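Before any comments, here is the structure.
Just so it is clear, none of the values below were taken in a lab; they were calculated from the coordinates. Quantities reported herein were computed from a predicted structural model and do not represent experimental measurements. Positions of Cβ are backbone-derived with ideal geometry, glycine not excepted, and every protein chain shown enters the neighbour counts.
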Amino acid sequence: MAEERWAEGVDSVAFDEEQARALDREGEAPASTNEAMFAILNDRLADLDDLLLTDASPKGVWALIGDEKTMRRAIARELGRMANGLYTVDQEAVTAEEKETDIRLRSVASDHEAVIEIKRADCRSGRDLRDTIDAQLITKYMAAESRKSGCLLITLTKDRKWVHPDTDARIDLEGLMALLREEAERMVKAKNGSIAISVHLLDLRPRLPRKRCGGGTRLSA
């Protein structure tokens, strides 16, 4: 229901003359509402997924990144290339409470922003990833009225299991994503739909099995 309300907000946006020209020229317009900013955020996350499937995919390089700061820079660079004149990209912008966010997309037409928090699921527990949604993404970064859309973006380079923070059961990637999306939905409801949060996976695991090549092995994309 919250997602439907935000989608209705996007559909009801009235564009000014410059935004209308941008929409006609580029097929997109800069965001003047939180709802529109959230839509742009999710479009760009989908674009990152598409990028990972192209011949020029950075998947192999990104899979070798061993820390979240370097991952943030790589992702921010691609988001900047995808901006299409709609937003600027800030890395580690500081909030009024002196808390640093990972990435912010800031509309060029208003003060609305979308916040992205990046976590490497390779080395994070299920509890840590779940608690990030409330304790970090919402409480620390989404307090401003113009910053009500955000995303927990997790990356994964290898198969693994996690421990469910409530049941202690071992869960796979599908179970982890269900856990995180349920928590995001719970927090949106707790805020009466005044915020919008997505949980997105960048799957950096190789799509094909290892191949023998000249006596050695290599990973296929």
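What GluC sites (Glu not before Pro) does the stretch 30-135 have in DSSP loop regions with at most 16 other beta carbons within 10 Å?
Here the sparse-neighbourhood loop sites are E92, E97, E98.
Principal axis lengths of the stretch 66-172 from Cα atoms, whole Å, largest first?
47, 27, 20
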